[in-house]
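Worksheet: one structure, shown below.
The values are calculated or read from the model by the stated rules, or taken from the named source; none is laboratory data. Nothing here was measured: the structure is a model prediction, and the numbers come from that model. Because the Cβ atoms are built from the backbone with ideal geometry, glycine has one as well, and the counts that use them run over all protein chains shown.
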Ligand code: UDP
């Protein structure tokens, strides 16, 4: 472990939307590659990294339900979408020489490992990036909640939420010019002010387990490594 590294083990939540790039559906290979490179750089700092990948770029249960589909059934489709994204990320990481394992909360033995907590921990101890797919494995949940849950299970030092902006703002900085970025917030403030950081279930799990959350811009090249050094722009929730 190098001196400048503050964190030993972290979980990065990457939403499905983050993988779309400028497209409005599916995966943009260059964007996936750029994020994989940033992850590889952090792995090179000897930080143990695990990932939870969303599926919103392909399918969201809530949209399926709005279209008349049974909600639980639609949620399972959403979870399957996260497995596709996880496989894409695995491929991009392995291209960069990063050893990875995908573990799915819905067993799919022909394509990846099933989620086994102790096995995932062992992979991480060996320096492999573990990508957690299929969310929590339960309908009516989100991958944000899965991220908080896995981060606690893996005893991570911090949960990183990579978003499209460099932290949590008082208003949408893309719409409101003088929106203010918070350096630090409490879990309570996030819940009470209904700030759209992660869903309430995820914030609650983090709060109950003293898991700090850091929100940063996943699209700023090198931002993940900067955050690991305590530099750059981000919002910390504690
Ligand atoms: N999902 C689910 N249970 C989980 C995680 C995800 O049912 O534990 C479903 C849900 O339908 C969700 C979809 O998978 O809409 C994709 O996940 P999410 O919307 O969290 O992805 P993101 O917004 O991060 O891209």
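Assorted remarks:
- Against the test of being at pLDDT 95 or above and not in a helix (DSSP H, G or I), the options 58, 39 yield a single qualifying residue, 58.
- Residue count, segment 103-115 (criterion: within 17 Å of the chain's Cα centre (by Cα) and away from the ligand (no atom under 16 Å from the Cβ)): 0
- Within segment 112-125, the set of residues being assigned to a loop (DSSP other than H, G, I, E, B) and surrounded by 14 or more Cβ atoms within 10 Å (Cβ to Cβ) comprises 112, 115.
- Tally, over segment 163-194, of residues that are assigned to a strand (DSSP E or B) and at pLDDT below 95: 3
- Scanning segment 84-136 for residues that are more than 22 Å from residue 20 (Cβ to Cβ) and free of Cβ contacts under 8 Å to residues at least 24 places away in the same chain yields a count of 11.
- Search result, residues across segment 134-157 that are more than 10 Å from the ligand (Cβ to nearest atom) and crowded, with 23+ Cβ neighbours inside 10 Å: 148, 150, 151, 156
- Residue match in segment 116-131 (condition: under 25 Å from residue 213 (Cβ atoms) and within 13 Å of the ligand (Cβ to nearest atom)): no
- Residue 223 closer than 13 Å to residue 165 by Cα and in contact (Cβ under 8 Å) with a residue 60 or more places away in the chain: yes
- Flag if residue 26 is under 18 Å from the mean Cα position of the chain (by Cα), free of Cβ contacts under 8 Å to residues at least 40 places away in the same chain and within 13 Å of the ligand (Cβ to nearest atom): yes
- Residues of segment 37-73 that are without any contact (Cβ under 8 Å) to a residue 24 or more places away in the chain, within 12 Å of the ligand (Cβ to nearest atom) and either at positive phi or buried (at least 18 other Cβ atoms within 10 Å of the Cβ) (or both): 59, 60, 64.
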